Amino acid sequence: MSAIQPPAVRVWWKQPLDRVEGTWIAIAFVWCLVMFFMMPYWHVYGKQNLSNEAYRTTPERYQQKTQEIVDRYTVRTETDLKVPVVHPPAGSDVYLIARLWQWWPMLELEEGKTYRLHLASMDWLHGFSLQPENINVEVHPGYEHVVTLTPTRAGTYSIICNEYCGINHHTMASRLYVVKR
Amino acid sequence: MAINRNFRTCPTTGLVFHEQADRLIRWNAVAGVVSLLVGGVLALLVTLTRWPAVHLLPADWFYLVLTAHGLDMLVFWIIFFEIAVLYFCGAVLLRCRIAAPRWAWLGFALMVIGAVTNNVAVFRGDSSVMFTSYAPMGAHPAFYLGLILFAVGALIGCFVFLGTLVVARSEGTFHGSLPLVTFGAVTACIIAIFTIASGAIILIPTFLWSIGLVSHIDSLMYRTVWWAFGHSSQQINVAAHVSIWYAIAAIVFGAKALSERVSRTAFLLYICFLQLASAHHLLADPGLTSNWKIFNTSYAMYLAVLASMVHGLTVPGAIEVAQREKGYNRGLFEWLRKAPWGNPVFSGMFISLVGFGFLGGISGVMMGTEQLNLIIHNTIYVPGHFHATVVVGTTLAFMSMTYFLIPVLFRRELMFPGLARWQPYLFGLGMSSFALFMMGAGTLGVPRRHWDITFAGNPLGYEFPGTAYLMMGIMALSGIVAVVGGIAYLLITVGSVFFGKRIGGSEFKALSVREGRASPPAPQPVAAAITGHGSIGIGGFVAPGTFTLALVFLVAFVLYYFVNWKYLSTLWPLS
Ligand code: HEM
Ligand SMILES: [Cu+2]
Ligand SMILES: [Cu+2]
């Protein structure tokens, strides 16, 4: 009797476990538990956890808050589009807008300082992808996500969009500067 | 109308085919293969565009073709074939007539109309929204309508399958419990019903939104419900291809489950836990708590992963036992060395199993871990993962099954048997390498669904490291090998079905209910049937070779898991 036929005996559930199966199930189960506990463990002892802090917002409100820090902390502009580069004080709230097809403004942060980075979209979904760090976060319209982050190495980083957002998705890229104090 | 009770018996395998079931299975399989053909052409175009050195299509065509590739492959090819598998596991394995064949044809017609409508919407050019169609990005209403029609058709197919089980029971065409393979198909069917319900909950409002009757679709709500549909449908695939693995082990080796209890419980775990898994698509999203994410993505403690790890042992274990009982009992691996590696039914199934476990399974757990998702989300690692699961795993399993079905179902001899020997290797190994290098590029941050990673002409563009380009190149070359394997498959199947030499000796004859009844199994002393497998194996292990392979798998899994945590720990601190 094979697996494409009904089991030979009606009481198939009485067949004892083979040693191979029993051993493997035990090992696999322990491994599943290890993997499960790794996640809470990392919340306590690990340093890389995605924040749970988020608020509902509207494009107008979010635009206005971003405009405020742009007005206060812009240090220069870059490219033909005159994208403002914002250098906010260490430890402050920093705002980044995702919209078709631009990240706005550009940010300049200080090495070793902690910032509260706000992320929201003005229109469709976008994907915040910081390279080469490779930190990837989904950006929604209507939700303001607050991620606390600490750049540890000075340098020029890129933010690209990795959630498909229409025909010019691949043009949506920006910079993030991390400078030494 | 009188019920069609015409049956034929296959002279080589002894399987019994009901006339309507026979025709339905064939038509669904053919519709699936046609979708595979279209999706395959698109796959080549997408691959050649993502190969930086070639960069074939312009951006608008790339996004259009990628949308169509995702839909034709993941939705239409897979689900048409799955309906065929359900009817096979129901009507054929239970030697029964199919319930309500007219409904089954209606379902099939809806699926065809839906698939065509959706494709037309995409190729018109205003619905390049990817198969996920995340609101608030909108497609033409026909895009959603096509998907809804297709889903309704598939739902009818599921109920026809369940109805067939009822008919088989009431007409007594089998005794005792369902065969294991049919049981697996039932789990796939139950998951499918849940899946389609979630699909309706999200696609119907989105359709109404696209024609202006609903004013707003929340993007987070959309992603949450969409993935209850999108992820669960992947578990249909898993349940279906695991059933096929068992079926092929049974067909090629006469294998039976090591223990029915373990294998069936593992199938049940899929039903119990996998709906939660859809949450692992939302790990990088705002507005959900970590507790919610951890509970759901671990499938409430990885019990569905456990189920797959169990099947990963019991399927080859069943083959090992069957081989050892035939006398290939020496050493750890004689059973495997002496397996019919030139038979595509077996080789395809075995590559599917190994590739699904090592590449698809391990990478899936990485992405589904709350924190590790940060370094993987939306990179090309993701398509790397699912080409290992749904292409190496599901598609290749379905391909191997067709090599069995062509003689018994289509009653034609296989054409190009020499090519068929090689096809699983070309497709399976090409695809495995393709998936592996996609994952490699993803680890370096290369995004998925991206037309130009060189950011040509963009003053703010990012320059990916040279290794990323190298990996994308090798990925594309491997993809081309897989496409050649896919062409070989289409050549063999289409050729055989239309031009293969006919196999006679199995005509349909009317059979009364009484004649169709199964004869009761020969009485067997219970004690003998439930004790183990005799004196095969090593050290009390009936399948020591499989166990060794399983340990190799575990070591790879554990190492790679902690390598990823190590990588994560080098990132900027985030909280
Ligand atoms: C020879 C075979 C195949 C090749 C070479 C191939 C190649 C590709 C490539 C290059 C991508 C684009 C990845 C990106 O840019 O994000 C892709 C996407 C995809 N493929 Fe395939 N593919 C093949 C077969 C299949 C099959 C059989 C299936 C399903 C059963 C499938 C399902 C998908 C899906 C769902 C996507 C994602 C589309 C999206 O991001 O919206 N592929 N494929
Ligand atoms: Cu974007
Ligand atoms: Cu984008």
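Go through segment B:333-363 residue by residue and tally those that are outside any helix (DSSP H, G or I), under 15 Å from B:Leu549 (Cβ atoms) and either polar (S, T, N, Q) or in contact with a Phe, Trp or Tyr (Cβ under 9 Å, 6 or more places away or on another chain) (or both). Looking only at that region, the number is 1. In segment B:446-480, of all residues being of a type in the set (A, V, I, L, M) and assigned to a loop (DSSP other than H, G, I, E, B), the one that is most open to solvent (accessible area, probe 1.4 Å) corresponds to B:Ala456.
Scanning segment A:34-70 for residues that are under 30 Å from B:Ala257 (Cβ atoms) and more than 7 Å from every other protein chain (Cβ to nearest Cβ) yields one hit, A:Val34. When segment B:405-437 is filtered for residues that are within 13 Å of ligand 1 (Cβ to nearest atom) and either hydroxyl-bearing (Ser, Thr, Tyr) or more than 19 Å from the chain's Cα centre (by Cα) (or both), the ones remaining, listed by number, are B:Ser432, B:Ser433, B:Phe437.
Does at least one position in segment A:116-132 carry a residue that is touching a residue at least 60 places away in the same chain (Cβ under 8 Å), open to solvent by less than 10 Å² (accessible area, probe 1.4 Å), more than 8 Å from chain B (Cβ to nearest Cβ) and touching a helix residue (DSSP H, G or I) at 6+ places or on another chain (Cβ under 7 Å)? Within segment A:116-132, one or more residues are touching a residue at least 60 places away in the same chain (Cβ under 8 Å), open to solvent by less than 10 Å² (accessible area, probe 1.4 Å), more than 8 Å from chain B (Cβ to nearest Cβ) and touching a helix residue (DSSP H, G or I) at 6+ places or on another chain (Cβ under 7 Å). Here B:Leu353 meets each of (1) over 23 Å from A:Ile25 (Cβ atoms); (2) in contact (Cβ under 8 Å) with a residue 60 or more places away in the chain with one exception, condition (1).
Restricting segment A:133-143 to residues that are part of a strand (DSSP E or B) and open to solvent by 10 Å² or more (accessible area, probe 1.4 Å), which is nearest to ligand 2 (Cβ to nearest atom)? The selected residue is A:Pro141.
Can you pull out the residues in segment B:550-573 that are surrounded by fewer than 17 Cβ atoms within 10 Å (Cβ to Cβ), over 24 Å from A:Gln48 (Cβ atoms) and facing chain A (nearest Cβ under 7 Å)? Of everything in segment B:550-573, just one residue is surrounded by fewer than 17 Cβ atoms within 10 Å (Cβ to Cβ), over 24 Å from A:Gln48 (Cβ atoms) and facing chain A (nearest Cβ under 7 Å), namely B:Leu554. So which residues in segment B:309-344 are buried (at least 24 other Cβ atoms within 10 Å of the Cβ) and of a type in the set (Gly, Ala, Ser)? Passing the criteria: B:Gly312, B:Gly317, B:Ala318. I'm trying to understand the selection: among the residues of segment A:1-51, which are open to solvent by 50 Å² or more (accessible area, probe 1.4 Å) and in contact with a strand residue (DSSP E or B) (Cβ under 7 Å, 6 or more places away or on another chain)? Correct list: A:Arg19 only. Close Cβ contacts (under 7 Å, 6 or more residues apart or on different chains) running from residues in segment B:440-453 that are at the interface with chain A (Cβ under 8 Å from one of its Cβ atoms) and closer than 19 Å to B:Ala388 by Cβ to residues that are assigned to a loop (DSSP other than H, G, I, E, B) and open to solvent by 20 Å² or more (accessible area, probe 1.4 Å) comprise B:Leu444/B:Pro465. Consider segment A:90-101 and keep the residues that are open to solvent by 30 Å² or more (accessible area, probe 1.4 Å) and modelled with pLDDT of 95 or more. The one that is farthest from ligand 1 (Cβ to nearest atom) is A:Asp93.
For segment A:144-170, a residue qualifies if it is among the polar types (S, T, N, Q) and either more than 14 Å from ligand 2 (Cβ to nearest atom) or at the interface with chain B (Cβ under 7 Å from one of its Cβ atoms) (or both), and the qualifying residues are A:Thr148, A:Thr150, A:Thr152, A:Thr156, A:Ser158, A:Asn162.
The values are calculated or read from the model by the stated rules, or taken from the named source; none is laboratory data. As the structure is a prediction and not an experimental result, all values here were calculated from the model. With ideal geometry, Cβ positions are generated from the backbone for all residues, glycine too; neighbour counts draw on all protein chains shown. The protein model used for the area step is the full one, side chains on, heavy atoms only, and it has no ligands, DNA or RNA in it. Shrake-Rupley method; radii C 1.70, N 1.55, O 1.52, S 1.80 Å.
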